[in-house]
Ligand code: NAD
C-alpha cells in the first residue's frame, strides 16, 4: 500500500494511517491448512488489480495445491498471486514490502518462530525507513506467547505491529468467509480502515475486545471454553436421552427450541440426518469440522490462562480430563468435536468399569 505517510495516534494510543491515498496493498499469508487455505482464498478473490498476495506453507504441497485450486476458480487474479518457498522470501522475494502478513499456524511456538524469522529478515534485508508491516496472528495460541511476540516485535522494529486477531466460526465459517474476528483494539474507531478491509475480506463480524495486546485471544479462549464444556454436556445429554429410549430425532428437535439450545446441540448437532441441508460433520461420519484435538488444545489454553489470571474454572479440569481421555483415540481426536456423543456411547458400552453402577460414581476417566 502506498501511503502518503499520513499517520496519527488515536485517543487510545493505537496508530492509524489514512488510507485516502491507498493505491495498492501487498498481503502475505502463512499457513494454508484447514482454515488458512479458505481465508487466503477470500483475500485472493478480492484482490484489486494492483494488489499482490504472497503465500507460504511449510508443506510445499499445501502451497502448490492452494495456487492450483484458487487460480482454477478465479484465473483473472492469477498474476497477483505469488507462492513463496521460505519465510525469508516474504522480505527478500517480493516486489515491494508487504503491509500485512497473516499467520494461521497451529501453536504459539510456530507463531514465535515465524515472526522471529520475519523480523530478523526485515532487519537484515530491508530498508526499514520505507517499510511498515503489520503482523496479524489469527491462530489460537496461548496469551503469554502472543504477548511475548508482541513485545519482541515492538522492541526490534518499533513502528511494526503484531496484533492478535483470532477467529471463530470454524472451517465452515472460513470457507464461507463469515468468520468472526476478535482483536485487541478498544473500539471500531481504533481499527485502521485498511486493516478492517482486510478482515472483512475473510469475515463478517469484527469484535474489538480491549486495548491491551492479548484481549482478542482472551475473548477467543473464553468462548472456546464455553464451546468445549457445552459440547461435552450435549454429548452427555443426548446419551442420557438415548438411555431413556427416547426418539433422538424428536429429542434433538425439542432441544433446538428449548433451554438446552446451544451451538453444540443445534448448529453442530451430533445426531445424524436431522439437518441434511446444513452439511453437518455428523452426516459424514463426524469428519472435518473443528476437530476434538483442537477443542482440547483450546480448553487446555483456557484453563492454563485462567490459572495465570488467578481464576479457577469450575468445569475446566473435569472437562479437560474427558477431552484428554477422548484424544487418546486417534479416530476421535481427528474428527469433529460432535463425535464426543458417539465416544461417550462407546465408553458406556466398552468400559463397564466406567461407572460403578451401585454408587453411580465415576471410577475411571
Ligand atoms: P491446520 O493444521 O490445518 O493448518 C496449519 C497449517 O500451518 C498447516 O498447513 C501447516 O503445514 C502450517 N504450518 C505449521 N507451521 C508452519 C510454519 N512454521 N510456517 C508455515 N506454515 C506452517 O490447522 P487449522 O485448523 O487451519 O488451524 C490453524 C489455527 O487456527 C490453529 O491455531 C487453530 O487452533 C485455529 N483455529 C482452527 C479452527 C478450526 O476449525 N480448524 C477454528 C478457529 C481457529
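Test residue 162 against the criterion of being assigned by TED's automatic domain parsing to the domain that holds residue 208, over 17 Å from residue 221 (Cα atoms) and not in a helix (DSSP H, G or I), and give yes or no. Answer is yes for this residue.
Inspect the range 21-28 for any residue being surrounded by 14 or more Cβ atoms within 10 Å (Cβ to Cβ), in a helix (DSSP H, G or I) and either out of contact with any helix residue (DSSP H, G or I) (no Cβ under 6 Å at 6 or more places or on another chain) or modelled with pLDDT under 95 (or both) and give the result as yes or no. Checked the range 21-28: no residue is surrounded by 14 or more Cβ atoms within 10 Å (Cβ to Cβ), in a helix (DSSP H, G or I) and either out of contact with any helix residue (DSSP H, G or I) (no Cβ under 6 Å at 6 or more places or on another chain) or modelled with pLDDT under 95 (or both).
Take the conditions (1) over 15 Å from the mean Cα position of the chain (by Cα); (2) assigned to a helix (DSSP H, G or I); residue 211 misses just one of them, which is (2).
Residues are listed down the side, and each one gets a yes or a no for (1) under 25 Å from residue 141 (Cβ atoms); (2) in contact with a strand residue (DSSP E or B) (Cβ under 9 Å, 6 or more places away or on another chain); (3) in a loop (DSSP other than H, G, I, E, B); (4) within 14 Å of the ligand (Cβ to nearest atom):
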| site | (1), (2), (3), (4) |
| --- | --- |
| 41 | yes, no, no, yes |
| 50 | no, no, yes, no |
| 70 | no, yes, no, no |
| 117 | yes, no, no, yes |
| 124 | no, no, no, no |
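Yes/no per residue for (1) assigned by TED's automatic domain parsing to the domain that holds residue 134; (2) surrounded by 20 or more Cβ atoms within 10 Å (Cβ to Cβ):
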position	(1), (2)
202	yes, yes
205	yes, no
226	no, no
232	no, yes
250	no, no
255	no, yes
275	no, no
279	no, no
304	no, no
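Being without any contact (Cβ under 8 Å) to a residue 40 or more places away in the chain and within 13 Å of the ligand (Cβ to nearest atom), is that true of even one residue in the range 153-160? Among the residues of the range 153-160, not one is without any contact (Cβ under 8 Å) to a residue 40 or more places away in the chain and within 13 Å of the ligand (Cβ to nearest atom), which makes the answer no. Does residue 172 meet the test of being under 30 Å from residue 348 (Cβ atoms) and not assigned by TED's automatic domain parsing to the domain that holds residue 288? Criteria met by residue 172.
Residues that are more than 16 Å from the ligand (Cβ to nearest atom), under 19 Å from residue 334 (Cβ atoms) and part of a loop (DSSP other than H, G, I, E, B) within the range 238-294 comprise 270, 272, 285, listed in sequence order. Here residue 81 fulfils each of the conditions (1) more than 30 Å from residue 208 (Cβ to Cβ); (2) modelled with pLDDT of 95 or more; (3) away from the ligand (no atom under 16 Å from the Cβ); (4) surrounded by fewer than 18 Cβ atoms within 10 Å (Cβ to Cβ) apart from (4).
The values are calculated or read from the model by the stated rules, or taken from the named source; none is laboratory data. The shown structure was predicted, so the numbers you read here are calculated from the model rather than taken from an experiment. FYI the Cβ positions are ideal-geometry reconstructions off the backbone, even for glycines, and counts take in every protein chain you see.
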